[in-house]
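Everything below concerns the one structure shown next.
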Amino acid sequence: MRILAIESSCDETAAAISEDGRKILSNVVLSQADMHAVFGGVVPEIASRRHVEGVCGVVEQCLKEAELTFDDLDAIGVTYAPGLIGALLVGVNYAKGLSLARGLPLIPVHHMRGHIAANYIAFPELEPPFTCLVVSGGHSLIVRVKSYTEMEIVGGTRDDAAGEAFDKVARVLGEPYPGGLMIDRLAQKGDPKAYKLPRAQVDGAPFDFSFSGLKTAVRNTAHNAAQKGIEIDREGLAASFCAAVADTLVPRAVEAAREFGDTLAVAGGVAANSFLRARLEKEAKKAGLRLFMPPAKLCGDNGAMIACQAYYEYLAGARAGANLNAVATLPISRSYKG
Ligand code: KG4
Ligand code: ZN
């Protein structure tokens, strides 16, 4: 079964074609990051307009790379939640039009479920149940993946998502948007013990965490140094921040995975972070867990992960009609009900 899927939840216009879920025939991502960089973050209206301009070309390119035409497709998948509403609407409307015009079933896909599915593409042997640490620009969750379409949230951030914290710290250190990768690169040259930064705990909720205090501590450290005319050790501060994020996420994810079974996966843009990956590898090994970490290219937003998850949503019966709407906020545990 071949599914063409569209992803437009944030600042990447993406399309991909999957065959029977895990085989990806083509995967095209048009990033808008350069256009948002001058503003220091994603400007929602600009994102929507760029999706409108880009989506047809991205789909054409996707078909071309797979050496297929619309006639070869069996279904259309689309990210319908969560994300920037205007951005999502572009993909949703395009997918609706295509499904109507070609008489193909329309499969709505939750963006964060898509992130988890990046693991299925990278690791053919991985099947639910497992625990997944999902860390992106908008969400940070520990999820029990009970089946391909049944998820339970075990814990998550009480304030900022991990990626949001990375992007804000990047701004403090004068690095351009998107900041996560820049911080990662800076940190590799720094001493993770250079600065003492807080690791927050949430009373009575062992799998929940918080990043706002950490983010504020980094900002205060930089501002205090500037006021005193002391030059900041940027590499050291970036490394100390990465270490604090890893210290916050890894023990919780490992413990949650141990409680649920023997398998831990990671997903989302922040899952590309080298500190996080190194810590996960070390701690998962110590805990005797099987660990799955998709390559960096599949961690960030892409269409392949949506095309893959669309297959499993299709098997579970998810179908949308012409009244499909985009949803800005939706828990990962909520399946599409029509
Ligand atoms: O999953 P994603 O591509 O988009 C969302 O669904 O939000 O995640 C984007 C986030 C951004 O905040 C970006 O700064 C962060 O992932 N990111 C990283 C790295 N690469 C991307 N954060 C830390 N280290 C990285 N190497
Ligand atoms: Zn994402």
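Tabulated results
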| read-out | value |
| --- | --- |
| Alpha carbon centroid spacing (whole Å) that separates the range 71-113 from the range 204-248 | 39 |
| Amide hydrogen neighbours beyond the local backbone of V78, cut-off 5 Å, H modeled | I6, I107, V109 |
| Restricting the range 187-288 to GluC sites (Glu not before Pro) in coil, as DSSP defines it, with at most 11 other Cβ within 10 Å | E231 |
| Anchor K337: lysines whose Cα lies under 28 Å away (excluding residues fewer than 8 positions away in-chain) | K23, K96, K146 |
| Phi to ³J(HN,Hα) by Karplus 6.51 cos²θ - 1.76 cosθ + 1.60 over the range 16-26, Hz, x for Gly, Pro | 8, 10, 10, 10, 6, x, 8, 8, 9, 7, 6 |
| Contour minus Cα-Cα distance for N220 and L330 (0.36 nm per residue) | 36.3 nm |
| Contact order relative to length of the range 1-152, as percent, for alpha carbon pairs under 8 angstrom and 6 or more apart | 22 |
| Scattering profile of the chain at q = 0.09, 0.10, 0.14 Å⁻¹ [log10 I(q)/I(0), Debye over alpha-carbon scatterers] | -0.46, -0.57, -1.07 |
| Restricting the range 172-203 to trypsin sites (Lys or Arg not before Pro) in coil, as DSSP defines it, with at most 10 other Cβ within 10 Å | K193, K196 |
| Helix 44-66 vs. the chain, principal-axis angle (Cα, 0 to 90°, nearest 10) | 60 |
| Heavy-atom accessible surface of the chain: percent carbon and sulfur, 1.4 Å | 51 |
| Backbone HN-Hα couplings from phi across the range 261-275 [Karplus 6.51/-1.76/1.60, Hz, Gly and Pro as x] | x, 10, 10, 10, 10, 10, 7, x, x, 6, 5, 7, 5, 5, 5 |
| Cross-link partners of K215 among lysines (Cα-Cα below 23 Å; sequence separation of 8 or more within a chain) | K168, K189, K193, K196, K228 |
| Sequence of V92, V154 when ordered by accessible area, the most exposed leading, probe 1.4 angstrom | V154, V92 |
| Å² per residue, accessible surface of the range 256-313 at 1.4 Å | 37 |
| Probe 1.4 Å, accessible area per residue of the range 56-172, Å² | 36 |
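The values are calculated or read from the model by the stated rules, or taken from the named source; none is laboratory data. Note that the coordinates shown come from a computational prediction; the quantities given were computed from them, not determined experimentally. Ideal geometry is used to build each Cβ from the backbone, glycine not excepted, and the neighbour counts take in all protein chains shown. These accessible areas exclude ligands, DNA and RNA; they are computed on the full protein's heavy atoms, side chains included. Shrake-Rupley method; radii C 1.70, N 1.55, O 1.52, S 1.80 Å.
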